[in-house]
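Asker: Starting off with a structure, shown below.
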Amino acid sequence: MKIIRGINHLKNTNSNSVVSIGNFDGIHLGHQKLLSYVCKVGEKYKILTTIILFEPQPLEFLRKENIPSRLTSFHDKIKYISLWKIDQILCIKFNDYFSSLSAKDFIIKILINKLHIKFIVIGNDFRFGFQRNGNVKFLKKLGKKHNFKVILIQTYYQNNIKISSTNIRKLLSEDKIELSNSFLGHPFSISGKVIHGNAIGRTIGYPTANILLNNNLSITNGVYAVKIRCFFNKKFLGISNIKNKNNYVHKKRLLEVHLFNQNINLYGEKIEVFIYKKIRNEFIFHSKDELKNQISKDVEIVKNYFKINQKILT
């Protein structure tokens, strides 16, 4: 899979193409349906498959505050999309120029002139272009004129709830982890590089690997049942705590994760923490003994939840 960073690096392709466009934040079941259909069309007509992403995401650029939290980093989006047979990802830098580009100019200058689209696969609520003036009706009108077909994928519902990045963020903020994971079609995860912590966990027999988090994250503080991926896709069971970091400079949150039956040096390593279930909210402890006793109880709850004692998961 080829990754093209920016319109300036997009050369005229020699192939017709099928395209889908969006933030793809979370790569949830709705996104997966889009990706599967793009691949199906590409394979049937032997044409190039292209996914168009935006960095930063449009609302991150347009809003000064109340920016929606991300479900998936750009790096993790690429990882998930690579599971499908997509030929290339075009990552467009969302800036003043692009935000002022009309829907018509976007279609003609990029999709038609550069990508030679024959099909565009979108959700039925898709909007694009300057002030989101482009819609499905407008796309179909241009499609007839420029000889490309618009394929609509209907909105995905589960439990009478629309599967969307917005609703998944809401579920995470309400501690409905298992339901949000069912909407995603995979466990919600947090990736990051392990940093040095205050080593309190090590002094009470529960050493942790720590990741510094951005405050703009839907998941709430507290203790979670998790699995950790590191070292060439090895997976381990563990327990994680998300809390506020006592640092007036950074003013961020911290994810601490303890691996069961393991003593691995992860400092400086990139790890991915998969969140499965919330065990409890954040508590304030008045002594190390009180903390140790509660962690011991939490660990038993998590082990019972997983019902597995294996060190490494397949």
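Rule-based calculations on the coordinates, nothing more; no lab input. What you see is a predicted model; the values in this text were computed from it and never measured. Backbone-built Cβ (ideal geometry, glycine too); neighbour counts: all protein chains shown.
Asker: Nearest 20 debye, what's the magnitude of the dipole of the chain about its Cα centre given +1 on Lys and Arg Cβ and -1 on Asp and Glu Cβ?
Answerer: On the way: 51 positive and 21 negative charges, 211 e Å.
That gives a dipole near 1020 debye.
Asker: I want to verify a result. In a Gaussian network model of the chain, Cα cutoff 10 Å, which of these has the top mean-square fluctuation: LYS85, LYS297, LYS193?
Answerer: Sorting by GNM fluctuation, first place goes to LYS297.
Asker: Starting from the Cα of ILE264, step 7 Å along the direction of its Cβ; do the same at ILE67; then give the gap between the two resulting points in nm.
Answerer: 3.2
Asker: In addition: If you take the charge dipole of the chain about its Cα centre, with +1 on Lys and Arg Cβ and -1 on Asp and Glu Cβ, which of ILE271, ILE163, GLY222 is farthest toward its positive end?
Answerer: Result: ILE163, furthest along the dipole toward the positive end.
Asker: Within a Cβ distance under 13 Å of GLY6, other residues only, what is the Lys/Arg minus Asp/Glu net charge? Please list the in-between numbers first.
Answerer: Values: positive: ARG5, LYS11, LYS93, LYS114; negative: GLU55.
Taking every other residue near GLY6 into account, the sum is +3.
Asker: Here's a follow-up. Past 32 Å, Cα to Cα, is the threshold; run LYS44/LYS278; LYS234/LYS278; LYS176/LYS307 against it and keep the listed order. Kindly include the intermediate steps, with their values, before the conclusion.
Answerer: Values: LYS44/LYS278 43 Å; LYS234/LYS278 23 Å; LYS176/LYS307 21 Å.
Over 32 Å Cα-Cα: LYS44/LYS278.
Asker: Let me ask something else. Counting only residues 5 or more places away or on other chains, whose amide H sits under 5 Å from the amide H of LYS162 once H atoms are built in the peptide plane?
Answerer: Amide H neighbours of LYS162, under 5 Å, 5+ apart: none.
Asker: Using helices alone, I'd like the mean residue ellipticity at 222 nm for the chain: each DSSP H run of four-plus residues gives -39500 (n - 2.57), total over residue count, nearest 500.
Answerer: Values: 10 runs with 89 residues, N = 314.
Calculated at 222 nm, the ellipticity per residue is -8000 deg cm²/dmol.
Asker: If I model a spin label as a point 7 Å beyond the Cα along the Cα-Cβ vector, how far apart are those points for LYS303 and LYS288 in nm?
Answerer: 2.2
Asker: I've got another one for you. Using θ = phi - 60° and the Karplus form 6.51 cos²θ - 1.76 cosθ + 1.60, what ³J(HN,Hα) does each residue of the stretch 259-267 get, whole Hz, x for Gly and Pro?
Answerer: 8, 6, 6, 9, 9, 10, 7, 10, 4
Asker: Next up: Rounded to whole Hz and in sequence order, give me ³J(HN,Hα) for the stretch 280-292 from the Karplus expression 6.51 cos²θ - 1.76 cosθ + 1.60, θ = phi - 60°, writing x for Gly and Pro.
Answerer: 6, 6, 6, 10, 9, 10, 9, 7, 5, 5, 5, 5, 4
Asker: At 0.36 nm per residue, minus the direct Cα-Cα distance, what do ILE108 and SER15 gain on full extension? Give it in nm, one decimal, please.
Answerer: Values: separation 93, 0.36 × 93 = 33.48 nm, distance 1.63 nm.
Here the answer is 31.9 nm.
Asker: Can you compute 3J(HN,Hα) from phi for each residue in the stretch 101-116, using the Karplus curve 6.51 cos²θ - 1.76 cosθ + 1.60 with θ = phi - 60°, rounded to whole Hz and x for Gly and Pro?
Answerer: 3J(HN,Hα) across the stretch 101-116, in whole Hz: 6, 5, 4, 5, 4, 4, 5, 6, 5, 9, 6, 8, 5, 9, 9, 6.
Asker: Using 19 Å as the Cα-Cα cut-off, could you pick out the over-long pairs in LYS277/LYS303; LYS235/LYS270; LYS235/LYS277; LYS40/LYS140?
Answerer: LYS40/LYS140
Asker: Would you list which aspartates and glutamates come within 14 Å of LYS245, measuring only between C-alpha atoms, while excluding same-chain residues fewer than 8 positions from it?
Answerer: GLU256, GLU282
Asker: How many angstrom separate the Cα center of the stretch 122-171 from the Cα center of the stretch 188-225?
Answerer: 37
Asker: Restricting things to alpha carbons, find the Rg to Rh ratio for the chain using the Kirkwood radius for Rh. Let's see the in-between values first.
Answerer: Values: Rg = 22.1 Å, Rh = 21.5 Å.
Ratio value, two decimals: 1.03.
Asker: Quick one: of the DSSP bridges fully inside the chain, what percent are antiparallel, nearest 5?
Answerer: On the way: 41 of 64 bridges.
Counting only bridges with both partners in the chain, antiparallel ones make up about 65 percent.
Asker: Quick one: of the DSSP bridges fully inside the stretch 2-158, what percent are antiparallel, nearest 5?
Answerer: Values: 1 of 24 bridges.
Percentage antiparallel, nearest 5: 5.
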